[in-house]
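Below: one structure, written as structure tokens.
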């Protein structure tokens with residue numbers, strides 16, 4: 001076979017794989033479970049991928065009130081009546097970032113299943 | 001084995017080892033394990049075409065063992081060995097179909113098989129099928145890296161062919 005034929009075959013495989021990669025990264029088939037903790041107790045777990053419309057979750061205790069906004073794939077602290085508002089400024093919870101923490105109200109929002117397998121591979125060498 | 005051939009194999013092994021070592025000092029392009037150039041394979045391919053399969057096996061496996069010792073024997077050794085055995089087997093089986101102007105094609109095929117073998121090893125070691133998620137990336141990286149190393153080996157082989165002939169007489 002000519003070189004040109006091989007180049008076409010390999011380019012085709014390359015494009016198919018790139019397409020598959022983009023498909024796999026954009027469509028997250030796995031669950032994306034986030035846990036909301038208050039006073040070190042698990043209050044609620046949400047699968048971010050199964051959320052279809054924006055919902056608000058109100059958390060209140062004797063320490064204060066928090067409003068959490070959940071939409072498909074995203075979760076963030078919308079409102080807190082604490083003075084510093086660090087948790088509100090944190091924005092969306094990201095897998096690579098730190099958990100959302102509201103220290104004055106002892107509220108923590110974090111991923112329940114960090115993709116430990118994938119991380120283990122990346123760190124294998 | 002003639003002394004000349006033995007010495008030539010040893011020199012190629014040393015070159016491969018140096019290439020392997022220099023490459024490991026270069027920071028990886030991506031954080032994905034397994035995506036790398038595999039410069040040392042230029043010398044394995046060259047040995048396969050310029051000498052014979054035994055010399056190529058020597059270059060490959062001595063490089064893997066010594067390279068792993070230099071890098072600190074660990075899990076990486078198992079991955080290297082599995083990848084080496086898989087790609088070398090394919091190389092031996094397919095060599096007769098690819099003449100010297102198609103070394104790069106053989107190199108690409110071997111690189112893909114090398115990456116797939118390593119990925120399957122990772123599946124067994126990690127006991128997780130989720131890793132197969134990396135398959136498309138590793139095939140892409142195999143094609144690019146394999147084409148690069150194959151073209152290098154091909155250029156060197158074609159240029160040095162007339163000098164190499166006398167070793168095999």
Q | Test result for residue B:107, surrounded by 17 or more Cβ atoms within 10 Å (Cβ to Cβ), part of a helix (DSSP H, G or I), within 12 Å of another protein chain (Cβ to nearest Cβ) and touching a helix residue (DSSP H, G or I) at 6+ places or on another chain (Cβ under 8 Å) | A | yes
Going through the stretch A:1-16 in order, the residues found to be loosely packed, with under 13 Cβ neighbours inside 10 Å, over 10 Å from residue B:105 (Cα atoms) and within 9 Å of chain B (Cβ to nearest Cβ) are A:1, A:11
Residue A:37 passes all but one of the listed conditions (1) more than 14 Å from chain B (Cβ to nearest Cβ); (2) not in a strand (DSSP E or B); the exception is number (2)
Contact list, first residue from the stretch A:19-41 and on the phi > 0 side of the Ramachandran plot and surrounded by fewer than 16 Cβ atoms within 10 Å (Cβ to Cβ), second anywhere and at pLDDT 75 or above and assigned to a loop (DSSP other than H, G, I, E, B), beta-carbon distance below 8 Å, six or more apart or interchain, is A:39/A:106; A:40/A:106
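Inside the stretch A:58-86, can you point out the residues that are part of a strand (DSSP E or B) and either farther than 22 Å from residue A:97 by Cα or over 20 Å from the mean Cα position of the chain (by Cα) (or both)?
Result: A:58, A:59, A:60, A:61, A:64, A:65, A:80.
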Flagged in the stretch B:26-45 as farther than 18 Å from residue B:135 by Cβ and more than 13 Å from every other protein chain (Cβ to nearest Cβ), in numbering order, are B:26, B:29, B:37, B:39, B:40, B:41, B:42, B:43, B:44, B:45
Subset of the stretch B:42-74, residues on the phi < 0 side of the Ramachandran plot, modelled with pLDDT under 90 and either within 12 Å of the chain's Cα centre (by Cα) or not in a helix (DSSP H, G or I) (or both), comes to B:51, B:52, B:73, B:74
Among residues of the stretch A:96-122 being assigned to a loop (DSSP other than H, G, I, E, B) and within 14 Å of another protein chain (Cβ to nearest Cβ), the residue modelled with the highest pLDDT is A:96
Picked from the stretch B:129-146 (must be more than 17 Å from the chain's Cα centre (by Cα) and crowded, with 17+ Cβ neighbours inside 10 Å), the residue nearest to the other protein chains (Cβ to nearest Cβ) is B:136
Practice task
Say whether the condition of being buried (at least 20 other Cβ atoms within 10 Å of the Cβ) and either at pLDDT below 90 or at the interface with chain A (Cβ under 10 Å from one of its Cβ atoms) (or both) is met by at least one residue in the stretch B:147-159.
Solution key: no
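The values are calculated or read from the model by the stated rules, or taken from the named source; none is laboratory data. This one's a predicted model, so the numbers in the text were calculated from it and none came from an experiment. No Cβ is skipped: glycine too gets one built from the backbone with ideal geometry, and neighbour counts run over all protein chains shown.
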